[in-house]
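**Q** Dropping the structure in here first, questions after.
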Amino acid sequence: MSRVGRLPIPLPQGVAVDIQGNEVTVKGPRGELRRSFNSAMSITLEDRNLIVSRPSDAKIYRSLHGLTRGLLANMVKGVDKGFEKALEIVGIGYRAQKAGDKLVLQVGYAHPVEISPPTGISLAVEGTNLIKVSGIDKELVGEVAARIRAVHPPDSYKGKGIRYAGEKVRLKPGKAGKAVGKKK
């Protein structure tokens, strides 16, 4: 039995679930999410708990069991509390600012880079070097954060660029590091 898949998903107060065959709709205080799952997976609601079960122990069903349960748990958490990712901008003259609902990045290019968030995602800028991406869909929050980071990923020599908050960037020594190791 899958260790992740067999765990029940408790529904917090204010969260409602509607199961129509293989399509599940989760409504909560922050919004509504809808997703279709594999029809072989059985999703049931018992005593304010969502339970996922599989038809057999075939390899495909074992892998789908934990995946289905994980996706459902993320939907429930998203409509209840939401998800957030933070990004830091490191570099002299590098900054971010909001222009309406768009994010404007100045990260060493000759022109500013504008990023428009998709529906359901909100972008916030704290100071000039901290960006917060938040929303109810975990996949979409991660995708938008990755797109922002991809504008200027951290440089491996100086560390300048956009990185996730708390991300450790290993810096290479550069030319000076090579010269020190040589013997005459």
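The values are calculated or read from the model by the stated rules, or taken from the named source; none is laboratory data. Quick caveat: nothing in here was measured; it's all calculated off a predicted structure. Here the Cβ positions follow ideal geometry from the backbone for every residue, glycine too, while neighbour counts run over all protein chains shown.
**Q** Report the residue count in the stretch 106-121 for those that are closer than 30 Å to GLY28 by Cβ, touching a residue at least 24 places away in the same chain (Cβ under 8 Å) and either outside any loop (DSSP other than H, G, I, E, B) or of a type in the set (S, T, N, Q) (or both).
**A** Count: 1.
**Q** Within the stretch 122-133, take every residue that is surrounded by fewer than 18 Cβ atoms within 10 Å (Cβ to Cβ) and either touching a Phe, Trp or Tyr at 6+ places or on another chain (Cβ under 9 Å) or in contact (Cβ under 8 Å) with a residue 60 or more places away in the chain (or both) and give me the one that is nearest to HIS152 (Cα to Cα).
**A** The selected residue is ASN129.
**Q** With respect to the numbered conditions (1) within 30 Å of GLY28 (Cβ to Cβ); (2) in contact (Cβ under 8 Å) with a residue 12 or more places away in the chain; (3) not hydrophobic (A, V, I, L, M, F, W, C), which one is the sole condition not fulfilled by GLU143?
**A** That leaves (2) as the condition not met.
**Q** Could you grab me the full set of residues in the stretch 74-105 that are of a type in the set (Asp, Glu) and either in a loop (DSSP other than H, G, I, E, B) or closer than 16 Å to ILE131 by Cβ (or both)?
**A** Listed by number, the residues that qualify are GLU84, GLU88, ASP101.
**Q** Would you mind finding the one in GLY31, GLY21, GLY14 that is outside the structural domain of VAL125 (by TED's automatic domain parsing), closer than 28 Å to GLU126 by Cβ and either surrounded by fewer than 17 Cβ atoms within 10 Å (Cβ to Cβ) or of a type in the set (Val, Ile, Thr) (or both)?
**A** None of the others qualify; the one that does is GLY31.
**Q** Something else about it: Which of the residues spanning the stretch 89-104 are out of contact with any Gly (no Cβ under 7 Å at 6 or more places or on another chain), farther than 17 Å from PRO118 by Cβ and crowded, with 17+ Cβ neighbours inside 10 Å?
**A** ILE89, ALA96
**Q** Can you name every residue in the stretch 89-132 that is under 19 Å from VAL76 (Cα atoms) and aliphatic (A, V, I, L, M)?
**A** Within the stretch 89-132, just ILE121 meets the criteria.
**Q** Condition test on GLY28, is it within 29 Å of ALA165 (Cβ to Cβ) and of a type in the set (Gly, Ala, Ser)?
**A** Yes.
**Q** I would also like to ask the following. Name the residues in the stretch 34-49 that are touching a Ser or Thr at 6+ places or on another chain (Cβ under 7 Å) and either more than 18 Å from HIS65 (Cα to Cα) or not assigned by TED's automatic domain parsing to the domain that holds GLY70 (or both), would you?
**A** Matches in the stretch 34-49: ARG34 only.
**Q** Residues LYS158, LYS172, LYS168, LYS132: which one is of a type in the set (Lys, Arg) and closer than 30 Å to PRO29 by Cα? Don't jump to the end; show me each part of the working.
**A** Working: LYS158 fails: closer than 30 Å to PRO29 by Cα; LYS172 fails: closer than 30 Å to PRO29 by Cα; LYS168 fails: closer than 30 Å to PRO29 by Cα.
Result: LYS132 is the single residue among LYS158, LYS172, LYS168, LYS132 that is of a type in the set (Lys, Arg) and closer than 30 Å to PRO29 by Cα.
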